[in-house]
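Read-outs: derived from the displayed coordinates by stated rules, not from any lab. Predicted, not measured: the structure shown is a model, and the values here were computed from it. So basically every Cβ, Gly included, is an ideal-geometry build from the backbone, and we count neighbours across all protein chains shown.
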Amino acid sequence: MNLKRILELYDEVLRTGHRSEILRELRDEDDLFMLLLYSDMLGIPNPAFYYTLELYPHMLEKFHQWHLRMGMDKSPLTGFRCC
Amino acid sequence: MNAVLLALIGMFVFFLGYRYYSKFVAEKIYKLDPNYVTPAHQFKDGVDFVPTNKWVLWGHHFTSVAGAAPILGPAIAIYWGWLPAVIWVLLGTVFAAGVHDFGALVLSVRNKGQSVGTLADKIIGQRAKILFLFIILILVLMVNAVFAWVIANLFITFPSSVLSVFIQIPLAIWIGYVVYRKKGGMLWPSLAALATMYIAAVVASKVPALQIDLPRYFGGEENIVAFGLNGVAFSFFVWIIILMVYVYIASTLPVWKLLQPRDYINSHQLVVGLAILYLGLLFSNPSITAPMTNSAATDTPWLPILFITIACGAISGFHGLVASGTTSKQLDREPQARMVGYGGAVGEGLLALASIIAVATLFSSSGDFLGAYSSFGDASSGGLGNFVQGAGQLATGLFIPADVANTIVAVIVVSFAATTLDTSVRLMRYIISELGKTYNIKSITKTHVATTIAVGSSAALVLLPEGPQGFGSGGYVLWPLFGTSNQLLAAITLLLITLWLKRQGRNFLVSLIPMVFLLAMTLYAMGLQIITEWSFFAGSNPSLLLFILGSIIFVFAFWILLEAVAALGKKDPAKPKNKAM
């Protein structure tokens, strides 16, 4: 066994202690992120909308230009009433 | 007697235990099956259940169980002479700890990688699980109090160690940042951090201005600082408060930010510590100056107190938690349980043996030893300091100056104790939350409420016992209670192993005998101390706190005994078709 392999094993020994806990923390964060993105699809009211609503006035003009560019005369989303 | 010879005899006994006894237990009792599909394969998820290389798993298991406890217990127990301590460490490791750690691992592997607590519920019943939770709660409470005292005591005795220990915290945070934000490796930054800590230790040993010496700042024993506390007592108070604030923060932060990088550095320190002890011993080749048996040790009887003074290093229930909590979910093949479980216990035994040798070779004569170990109280309060100096003396064989060696060994022991403290407070928080869920008390399931209860009760416990230096300095009196609760936890695990073996129709004496021995010793020790030392009608210096805590532990021990008698007396259910229960 060469030195590189020994160091790899040593590193693995020391990492194993908290590996599962860190992966679990990461998985919990991912789950929360997924929930924020797709909760409405699951029938759960999305609390993030409360904050994203504040972006509405900033996005309105850009959105209007976008749907005109895409060949849509009127807004395709009922939530965006730009025209 | 030559100390190297004693170390060789100890290693030979461990070798015999591993080579023959563990082989017998593996083949004839636990009947390990190379074709059994372990939980690591059956439930493989890449997070908890991961088949792991056996050397990696042994290293992980050993670094998880080894800490300051197998050093402190033997350093106190040498009070009765080095021979009783050595015999208990050797026989305890071979016949009790090995069987216990190995058995907890096998039992968990045969039951989907479930932990001992869940298995207590499954094998004995809900009552046993609750008993188990309460014993763990008491154990972690004792650990928090005792190790907070240990660290405060070492900071006061070896002020040159403070700088290195506190430097470690920002270094660990920096490593966490480098590894998880910048995607770097952990090995080289952690070695650089270790080198920085040891350079700080060398510099602090030589420059008194860098030694954070609180008793000196507060005017020493003669000066009353506040609340009627002198400089030393007030230093204990300040260090304990600082430590409790630290553990609160450490145990609520995400693991990757501080705990993992800190533990990573501390694992290097375990290697350094063992190298200092055993290489230093080999090169300095000292003689044992402590007496073989100490006939002057009359204030506390060795039977039964020796068996609760050395818990980790002879047998420790905490190992069952690790074996069944994480190790069992990572075991690649069942026969490897022998090396990982029994081998882990042997590793801890080697650390305990080194601790005995370090203290037994420290003194220039047996008269000096008897002066330092004149009472059990002196042994308890000074044991760890003696170990640090003894290990420092062995390190001089490696051409390390004595003052630098003492500082580095103190840094290593404080780091071990701090790791244990971090883990223990975190564990206590989880247990409080679980009890909150069990009894539907929502408020204590919240992280900060549970942590506040954990830290607050630990701080109160360590500050309450009065030592010679006032409140806060007497945390060492809790050590026998820590040992007892640890042994009780081991007794429950041994009971579960015994019941499992009985239901499989196998010889269960290998686990029953250590279990009966542990229960007898803990009941005897608690009964003796409650009646002769702590109660108001017997001792000259009664203690309500110790009386209450000792009584609770005594009741728990008796409860386990009743559960054991009831469970063993029950007719076994029909043998299951699968190989688990």
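3J(HN,Hα) couplings calculated from phi for region B:112-119 with the Karplus curve 6.51 cos²θ - 1.76 cosθ + 1.60 (θ = phi - 60°) are, in sequence order, 6, x, 6, 7, 4, x, 5, 5 Hz; Gly and Pro show x. Quick one: what does P(r) look like for chain B with 10 Å bins over all Cα pairs, in whole %? Cα pair-distance distribution for chain B, in percent: 4, 17, 29, 29, 16, 4, 1, 0.
Amide H contacts for residue B:224 (H built 1.01 Å from N in the peptide plane; partners 5 or more residues away or on another chain; cut-off under 5 Å): none found. For peptide A:18-31, the mean count of partner chain Cβ atoms within 10 Å of a residue's Cβ comes to 5. For chain A, the longest principal axis of the Cα atoms and the long axis of helix A:56-69 meet at an angle of about 70 degrees. Simple spin-label estimate for residue B:127 and residue A:40 gives 5.6 nm between the two label positions (7 Å along the Cα-to-Cβ direction from each Cα).
Using unit Cβ charges (K, R positive; D, E negative) and no other charged atoms, how large, in debye to the nearest 20, is the dipole of region B:3-569 about its Cα centre?
Details: 29 positive and 22 negative charges, 420 e Å.
Computed charge dipole of region B:3-569: roughly 2020 debye.
For the protein assembly as shown, a crude dipole built from +1 on the beta carbon of Lys and Arg and -1 on the beta carbon of Asp and Glu, taken about the Cα centre, is about 2260 debye to the nearest 20.
What's the angle, to the nearest 10 degrees (0 to 90), between helix B:479-503's Cα axis and the longest principal axis of chain B? Here the helix axis deviates by roughly 10 degrees.
About its Cα centre, what dipole magnitude does region B:383-520 give when the only charges are +1 on Lys and Arg Cβ and -1 on Asp and Glu Cβ, stated in debye to the nearest 20? Show your work: numbers first, answer last.
Values: 8 positive and 4 negative charges, 164 e Å.
The dipole of region B:383-520 has a size of about 780 debye.
Spin-label pair residue B:43-residue B:9: with each label point 7 Å from Cα along the Cα-Cβ axis, the two points sit 4.6 nm from one another. Ranked by the mean number of other Cβ atoms within 10 Å per residue, highest first, peptides B:432-439, B:138-145, B:81-88 order as B:138-145, B:81-88, B:432-439.
Between region B:69-139 and region B:481-521, the C-alpha centres lie 8 angstrom from each other. Highest mean packing first, where packing is the average number of other Cβ atoms within 10 Å per residue, the peptides B:548-556, A:66-74, B:334-342, B:208-216 line up as B:334-342, B:548-556, B:208-216, A:66-74.
Given R₀ = 22 Å, FRET efficiency for residue B:559-residue B:457 by Cβ-Cβ distance, to 0.05? So the FRET efficiency works out to roughly 0.50. Taking a point 7 Å out from the Cα of residue B:271 in the direction of its Cβ, the residues of region B:45-61 whose backbone N falls within less than 18 Å of it are B:53-61.
For chain B, the longest principal axis of the C-alpha atoms and the axis of helix B:54-65 are separated by about 50°. Projecting the Cα atoms of B:13, B:141, B:303 onto the charge dipole of the protein assembly as shown, computed from C-beta unit charges around the Cα centre, puts B:13 farthest toward the positive end.
With the simple model of a label 7 Å out from the Cα in the direction of the Cβ, residue B:370 to residue A:81 spans 9.8 nm.
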